[in-house]
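What follows is one structure encoded as structure tokens, with my remarks underneath.
The values are calculated or read from the model by the stated rules, or taken from the named source; none is laboratory data. What you see is a predicted model, and the numbers here were worked out from it, not measured in a lab. Quick reminder, even Gly has a Cβ in these numbers, built from the backbone with ideal geometry, and neighbours come from all protein chains shown.
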Amino acid sequence: MKKTAFTLVELLVVIAIIGILVAILVPTVGSGIEKSRKMKCLGQLRQISIAAQSQFDDTKRWMPYREEAGYYGQACYNLMKYLGDDPSVFQCPSQRHPVENAEMLIKDYDDTQKDTGVYTTYEINGWLCSCGDPGREETPKSKIFDYSQAAIAYDFPYDPSAQYRAHRGGVNVAYLDGHAGWLPDEEMYIDGGNSESNFYCKGHTVW
């Protein structure tokens, strides 16, 4: 039997078919990978939620937060002992870009020797945790009326208009009752003010 070779036209057809299959499969594979990362992120935030619960229980009345208002990297560091001292729990696997204003996990704000060199891509909710008496960056349990709505941590940057968001269409959020869930952009109601409609103001009394 005489062996026939591919003609140029046949070869081009095969290449075109392969190109079409690749174009179809790549987005599907990419979507699957992102879904996996999103679920891992959700699991990490669930761990942070449980750690916050443990910290809350240990202090009986107050939720310890930070010595300096605005430095949630210290709050993350303070939660690490409940997370097996693993700082990677604070890094969203979907966040592939440097996040402007991200915080480093530190033991003390004024002690650079205690820097971990690890930046968190999650933010601790300052509307919940930075409330308290002057000089006390703590929130008493009595100010929290719905643990299932009180967000303790979430993907940062969370603003839909921000560049380099970890996930498209919303953020993963950890709540004080020990669960974490997906919050679509349309349910976040970001308006920059002290409003009960904002996800970070829900479930607790804002001081």
- [ ] List the number of the failed condition for C92; all other conditions in (1) in a loop (DSSP other than H, G, I, E, B); (2) among the hydrophobic types (A, V, I, L, M, F, W, C); (3) modelled with pLDDT under 75 hold.
- [x] (3)
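Residues are listed down the side, and each one gets a yes or a no for (1) modelled with pLDDT of 80 or more; (2) outside any strand (DSSP E or B); (3) among the basic types (K, R); (4) closer than 25 Å to Q95 by Cβ:
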| residue | (1), (2), (3), (4) |
| --- | --- |
| C131 | no, yes, no, no |
| S142 | no, yes, no, no |
| R168 | yes, yes, yes, yes |
| W182 | yes, no, no, yes |
TODO: Report yes if A153 is at pLDDT 65 or above, assigned to a helix (DSSP H, G or I) and buried (at least 17 other Cβ atoms within 10 Å of the Cβ), otherwise no.
DONE: no
- [ ] For the range 64-83, state whether one or more residues are outside any helix (DSSP H, G or I) and at pLDDT 80 or above.
- [x] yes
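Working carefully through the options T28, T4, find the one that is modelled with pLDDT under 80, outside any helix (DSSP H, G or I) and of a type in the set (S, T, Y).
Answer to the selection: T4.
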